[in-house]
Amino acid sequence: MDARRARSQARFASELDAYAHWFIAPDPSSGGHYLTLTLFVDCGNAVRVARDQTAEFLRGAGHEDVVDDARLIVSELVGNVVNHVVPERSLACPGSSRRVDVHFKVWPKWLFIGVADEDSSPPLLPLGDTFWPGLMEGLSEAVLPDSGRGLLIVQRLAAAVWWMPEDRGGKTVWCRLDLDAETRGQASC
């Protein structure tokens, strides 16, 4: 019982450490890597550009091992903005394009990815599988949920997923990937 409690306390301390690193403002001397992309949804290839830039950034930062997961996460989150977001009136300008900002913060042990849009409506983060995984193989796609699949994929790949409203309006959906080999396989939502 003591070993399990010690593991639980160590995991809790790790989660607090990750939260503290996400929350503080980036310091260029900290050894981290940072990037913010601003894309316009109406350009027609925003998802592809975001996915490609994700790969380039992570390869340049020396994190080749998480490129595939990060590309899929960014594809799903930017795709949600392209397909579902309706900008708030206070943020929309007639004749202008909808924008999406993709933020990357790489610290020694974590990769934080944030996708910001112009809609303050909270995302519908799925609570879990609708069906037991063993039953899903025999089910037709017609009975599977129509929405939330992308965010479910993001939750499965990331160690944590959350969202925050922005002061000016809109929101940012954040996720965290653990870069530390010890905590990599211990993803939780």
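The values are calculated or read from the model by the stated rules, or taken from the named source; none is laboratory data. In this text the structure is predicted, and so the values were computed from the model without any measurement. Cβ atoms come from the backbone with ideal geometry, glycine included; neighbour counts cover every protein chain shown. For the accessible areas, the whole protein counts, side chains as well, though only heavy atoms, and no ligand, DNA or RNA atoms are used. Shrake-Rupley method; radii C 1.70, N 1.55, O 1.52, S 1.80 Å.
A few remarks follow.
- Filtered residues of the stretch 50-86 (kept if part of a loop (DSSP other than H, G, I, E, B) and touching a residue at least 60 places away in the same chain (Cβ under 8 Å)): 63
- Checking residue 187 against (1) farther than 25 Å from residue 52 by Cα; (2) aliphatic (A, V, I, L, M); (3) at pLDDT below 75, the condition it does not meet: (1)
- Whichever residue in the stretch 35-49 is open to solvent by 70 Å² or more (accessible area, probe 1.4 Å) and not in a loop (DSSP other than H, G, I, E, B) and, among such residues, is nearest to residue 76 (Cα to Cα): 48
- Selection status of residue 86, within 19 Å of residue 38 (Cα to Cα) and either among the polar types (S, T, N, Q) or at pLDDT below 90 (or both): yes
- Those residues of the stretch 109-130 which are in a loop (DSSP other than H, G, I, E, B) and either open to solvent by less than 60 Å² (accessible area, probe 1.4 Å) or at pLDDT 75 or above (or both), in sequence order: 109, 118, 119, 120, 121, 122, 123, 124, 125, 126, 128
- A count restricted to the stretch 50-78 and to residues that are on the phi < 0 side of the Ramachandran plot and either open to solvent by 40 Å² or more (accessible area, probe 1.4 Å) or small (Gly, Ala, Ser) (or both) stands at 18.
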